[in-house]
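What follows is a single structure, written as structure tokens, with notes after it.
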Amino acid sequence: MNQIEKIIDLPNWNRREHFEHFSAFDDPFFGVTVNVECTRSYQEAKSKDVSFFLLVLHRIITAAAEVEEFRYRIEGDQVVCYDSLFPEATVARPDHTFSFASFDYDPDEMGFIRKAKAEMERLQQTTGLNKEGTFHPNAIHYSAVPWLTFTDMKHPANMRSGDSVPKISTGKFFKDGERLMLPISVTCHHGLMDGYHVSKFIEKLKL
């Protein structure tokens with residue numbers, strides 16, 4: 001796990017021109033925001049007395065890992081595909097600051113939630129960003145914005161570092177009749193994927 005699965009054959013890649021075109025941009029990231037029903041996940045979190053935040057994070061990482069393009073990363077002059085994804089998130093504190101966090105992925109949802117909850121509680125007692133141990137190349141950067149039912153989201157990107165990590169955020173859920181809907185923002189490097197690949201992720205996301 002967390003190993004490079006393959007190196008993309010750039011000269012023969014069907015996205016070679018797309019990759020070269022968008023990689024030359026000052027900001028090659030594109031983003032979409034969609035509303036996804038989360039009624040079942042919310043009810044499960046309540047009935048199991050677990051964090052809705054962590055349950056959603058696990059299901060997001062699981063779905064993203066099933067779409068190969070979400071595991072592509074730019075490393076130097078290569079595009080590589082990792083065999084798995086590493087969940088990295090922001091953890092809110094009572095003083096309204098936040099910490100970066102890395103959580104080991106566990107296919108067992110409840111096992112993941114238990115370990116991640118303990119790490120969250122530890123980080124909530126700290127100060128600063130706690131960058132040590134974060135920023136894995138095969139990460140998905142996740143953040144929750146539970147105060148806003150947003151319709152769009154702009155993420156910072158450090159293009160000088162060659163950033164190519166997808167960024168996924170969720171907002172405040174809202175009612176649509178009997179359904180609960182969750183705004184989900186997905187921001188990705190356009191040289192590595194298109195809206196089609198984001199739609200595959202949304203299809204696989206079981207909330």
Being free of Cβ contacts under 8 Å to residues at least 12 places away in the same chain and either over 30 Å from Leu207 (Cα atoms) or not polar (S, T, N, Q) (or both), is that true of even one residue in region 53-62?
no
Looking only at region 40-58, count every residue that is open to solvent by 20 Å² or more (accessible area, probe 1.4 Å) and either in a strand (DSSP E or B) or touching a Leu at 6+ places or on another chain (Cβ under 6 Å) (or both) and tell me the total.
1
Going through region 97-140 one residue at a time, which ones are among the acidic types (Asp, Glu) and either farther than 27 Å from Asp163 by Cβ or assigned to a loop (DSSP other than H, G, I, E, B) (or both)?
Asp104, Asp106, Asp108, Glu109, Glu121, Glu132
Single residue of region 142-197 satisfying the filter (β-branched (Val, Ile, Thr) and closer than 19 Å to Thr90 by Cβ) that is surrounded by the most Cβ atoms within 10 Å (Cβ to Cβ):
Ile168
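Scanning region 161-185 for residues that are charged (D, E, K, R) and under 24 Å from Leu85 (Cβ atoms), which turns out modelled with the lowest pLDDT?
It comes out as Asp163.
Residues to consider are Glu75, Glu88, Glu68; find the one that is in contact (Cβ under 8 Å) with a residue 12 or more places away in the chain, among the charged types (D, E, K, R) and in contact with a Cys (Cβ under 9 Å, 6 or more places away or on another chain).
Numbers: Glu75 fails: in contact with a Cys (Cβ under 9 Å, 6 or more places away or on another chain); Glu88 fails: in contact with a Cys (Cβ under 9 Å, 6 or more places away or on another chain).
The conditions single out Glu68.
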Given the condition within 19 Å of Asp95 (Cα to Cα), open to solvent by less than 30 Å² (accessible area, probe 1.4 Å), out of contact with any Gly (no Cβ under 6 Å at 6 or more places or on another chain) and modelled with pLDDT of 95 or more, answer yes or no: does some residue in region 124-135 qualify?
no
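For region 20-38, does any single residue satisfy the condition of being closer than 30 Å to Leu180 by Cα, surrounded by 12 or more Cβ atoms within 10 Å (Cβ to Cβ) and acidic (Asp, Glu)?
Taking region 20-38 and keeping what is closer than 30 Å to Leu180 by Cα, we get 29-38.
Filter once more, so that each one left must be surrounded by 12 or more Cβ atoms within 10 Å (Cβ to Cβ): 29-38.
Of the ones still in play, those that are also acidic (Asp, Glu) are 37.
Yes, region 20-38 has at least one match.
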Considering only region 95-113, I want to know if a residue exists there that is modelled with pLDDT of 95 or more, β-branched (Val, Ile, Thr) and open to solvent by 70 Å² or more (accessible area, probe 1.4 Å).
no
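Hey, can you tell me all the residues within region 112-129 that are closer than 19 Å to Ala45 by Cα and either among the charged types (D, E, K, R) or under 19 Å from the mean Cα position of the chain (by Cα) (or both)? Break it down stepwise before answering.
Here is the first cut: in region 112-129, the ones closer than 19 Å to Ala45 by Cα are 112-121.
Residues satisfying the conditions are Phe112, Ile113, Arg114, Lys115, Ala116, Lys117, Glu119, Met120, Glu121.
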Among the residues of region 59-93, the number that are in contact with a strand residue (DSSP E or B) (Cβ under 7 Å, 6 or more places away or on another chain), among the small types (Gly, Ala, Ser) and open to solvent by less than 30 Å² (accessible area, probe 1.4 Å) is 2
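The values are calculated or read from the model by the stated rules, or taken from the named source; none is laboratory data. None of the values given here were measured: they were computed from a predicted structure. Backbone-built Cβ (ideal geometry, glycine too); neighbour counts: all protein chains shown. Ligands, DNA and RNA are stripped out before the accessible areas are found, and what is left, the full protein with its side chains, is counted by its heavy atoms. Shrake-Rupley method; radii C 1.70, N 1.55, O 1.52, S 1.80 Å.
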